[in-house]
1. To one decimal place, what orientation-averaged projected area in nm² is obtained for the convex hull of the Cα set of the range 350-589?
2. Estimate the FRET efficiency between Gln562 and Asp417 by the formula 1/(1 + (r/R0)^6), using the beta-carbon distance for r and 22 Å for R0, to the nearest 0.05.
3. Just rank Thr479, Thr94, Thr6, fewest to most, by other beta-carbon atoms within 10 angstrom.
4. Calculate the radius of gyration of the Cα atoms of the chain to one decimal place, then report Dmax, the largest Cα-Cα distance, as a whole number, both in Å.
5. Express in nm, to one decimal, how much length is gained between His355 and Leu88 on full extension, taking 0.36 nm for each residue of separation and deducting their alpha carbon distance.
6. Sorted from fewest to most neighbouring beta carbons within 10 Å, what does the list Val196, Val161, Val221 look like?
7. Roughly how big is the chain's charge dipole about its Cα centre, with Cβ charges of +1 (Lys, Arg) and -1 (Asp, Glu), in debye to the nearest 20?
8. What residues of the range 277-297 lie in the reach of a label at Thr59, counting those whose backbone N is under 13 Å from a point 7 Å from the Cα along Cα→Cβ?
Amino acid sequence: MAEIKTALAYFVKNLKQYWRALFISLLLILVATYAQIKAPLYLGDAISSLTDYLVASLTPGGHGSLHDFYVAVFSMIAFYVLTEFALLISGLMTAKISSDSVGVMRRGLFGKLQKMPVRYFDTHQDGKVLSLFTSDLDNIFTAMNNAVFQIFSQALLFAGVIWMMFAKSATMAWVTLASTPIAIIGALLIAKYAQVQINHQQAATADMNGYINEQLAGQTVLLTEGRQADSIEKFEPFNDQVRVASQKGQFYSGLLNPLMQGFSLLNLAIVIFFGSWLVLHNGMDKASGLALVVVFVNYSQQLFQPITSLTTIYNVLQLAVTGANRITEVEEEDDEVNNGKKIAGPLKDEIALKHVDFAYNPDRQILKDVSITVKKGQMVALVGPTGSGKTTVMNLLNRFYDLSGGEITYDGTKLQDFDLYSLRDRVGIVLQESVIFSKSIMDNIRYGRPDASLKEVQEAAKQARIHDFIMSLPDQYDTQISPEKDLFSSGQKQLLSIARTILTDPVLLILDEATSNVDTVTEAKIQEAMDNVMANRTSFVIAHRLKTILSADQIVVLKDGQVIERGSHEDLIKKNGFYAELYTNQMVFE
Ligand SMILES: Nc1ncnc2c1ncn2[C@@H]1O[C@H](COP(=O)(O)OP(=O)(O)OP(=O)(O)O)[C@@H](O)[C@H]1O
């Protein structure tokens with residue numbers, strides 16, 4: 001019940017701006033339903049007036065008139081045309097309302113994701129976040145487009161037909177309704193079984209997608225290790241699960257229509273048989289009797305249409321309710337906290353981490369009492385074994401997470417006191433894994449400063465040592481990059497992100513040195529590019545190749561989240577501790 005309440009609240013929120021169109025659309029359905037249940041009455045009139053005419057014509061000396069017959073036939077046609085016309089317009093309006101409102105929902109969800117803290121993306125699989133857009137919003141669209149209005153129109157039709165039948169003849173109405181309870185129970189049972197199978201099918205598909213995702217992500221390892229046959233063999237059970245579940249789902253859903261057809265025919269037989277019997281034994285005149293049976297034959301068919309539709313819709317609605325609940329869950333997540341009012345300006349003095357403690361999860365502390373000060377224009381290098389917390393320090397400087405203890409200050413002001421976006425505007429980050437967007441090279445470089453001119457972009461690319469490569473491409477800076485057209489090696493991608501960072505001219509630079517194996521020429525270029533971007537800039541560098549940080553003003557050695565040594569390269573070598581050992585080991589392999 002709570003699920004339905006949440007889903008309703010979500011729909012009301014996103015549909016309220018369309019209330020006028022919705023109202024007109026529902027009104028049209030009302031008109032269509034009224035015309036649809038009214039039309040059989042004119043069919044009855046037509047038959048009875050035709051019968052009267054025939055009887056009169058066959059009586060010697062009598063002559064009948066076809067006037068009433070024509071009126072009835074034209075009225076019937078007019079009502080059927082009205083039905084279809086109103087349904088057509090309402091259908092078109094529904095399609096527009098559904099696509100517009102799902103567009104609003106999509107925009108709302110996408111906007112919400114942009115405001116989420118990094119922690120949310122750490123703890124949620126990309127595939128699951130994406131399925132909110134692909135699967136959940138699609139289910140909502142299907143439900144809105146096909147189901148929501150159908151419920152209204154079919155429920156109205158069902159009630160209207162029953163009302164009309166009783167208005168016309170209560171006895172015949174009871175005869176027509178006699179078999180419907182069994183039909184409704186049968187339809188509900190089938191819908192319930194079909195739902196169970198659809199749930200199985202969805203779960204099996206999610207498992208299979210997870211497996212495919214993992215295998216595709218690890219394709220290179222899979223090929224190198226020659227595990228293709230094993231990968232295919234392990235895929236089979238997942239595939240089988242989906243196949244069996246979808247077969248069963250289709251079987252139960254497929255049963256519904258024939259079963260309802262069967263009930264409808266049975267009902268038709270009852271109506272014709274008992275109807276004729278009643279007419280014959282109730283002393284009704286033949287013309288009216290015949291007309292009454294024909295009218296009820298029509299109603300009996302109209303009665304079964306809503307039962308079939310409503311049970312088919314049930315499954316569609318179920319999926320939409322689940323989708324709306326999943327999206328609401330995301331929308332209710334807290335936004336990234338941004339209470340600070342101060343606007344970060346150019347750095348005057350220093351950035352300092354003071355006794356910083358931090359944990360991603362409460363049960364495991366990552367940083368313990370870390371203190372680092374970097375003066376304006378200085379370069380601090382962070383070194384340490386893998387998992388020692390280097391990237392974590394960088395994440396905190398950009399306020400991707402809040403601290404558990406201690407503080408980080410920017411010219412003496414705590415990071416929380418700054419407006420988050422102004423702070424991040426001042427910070428430039430070059431990550432190990434460079435991010436490239438499906439845009440032109442030009443737009444990729446000026447991603448952080450979309451108004452930059454070609455000259456400025458080229459200057460940044462020159463400093464980043466990637467300009468010559470770009471100029472060697474046929475479309476140069478207009479070259480479009482896409483996942484299918486991966487022109488850059490990982491080293492070149494890092495040069496491109498260095499160019500992007502140079503262009504934004506950040507006050508504080510965070511640089512995570514690429515660990516990927518790049519050739520020596522590219523490595524030298526990366527080094528030059530890094531030197532260029534760091535020149536006269538306050539910077540934090542995570543260094544993996546220690547020879548790149550020999551000139552750092554301060555080297556901070558982290559181990560298990562704690563600072564164990566600090567000083568210049570010479571100081572640390574003299575100290576002959578952890579850093580000296582690390583350095584000596586690397587030099588042996590260089
Ligand atoms: N988002 C996260 N959620 C939970 N734990 C995390 C998260 N990111 C990192 N950790 C954990 O924090 C610890 C420090 O990780 P971090 O990435 O800061 O190390 P690092 O020194 O940068 O390592 P590397 O040199 O391998 O990049 C690791 O034990 C890691 O498992």
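1. Orientation-averaged projected area of the Cα hull: 13.7 nm².
2. Once rounded, the FRET efficiency stands at 0.20.
3. Lowest count first: Thr479, Thr6, Thr94.
4. Every Cα atom of the chain included, Rg and Dmax give 36.8, 134 Å.
5. So the extension gain works out to 89.2 nm.
6. Val221, Val196, Val161
7. For the chain, the charge dipole is close to 1120 debye.
8. 286-287
Read-outs throughout are calculated quantities, based only on the coordinates presented, and are distinct from any laboratory measurement. No experiment lies behind these values; they were computed from the predicted model shown. Cβ: placed from backbone, ideal geometry, glycine included. Neighbour counts: every protein chain shown.
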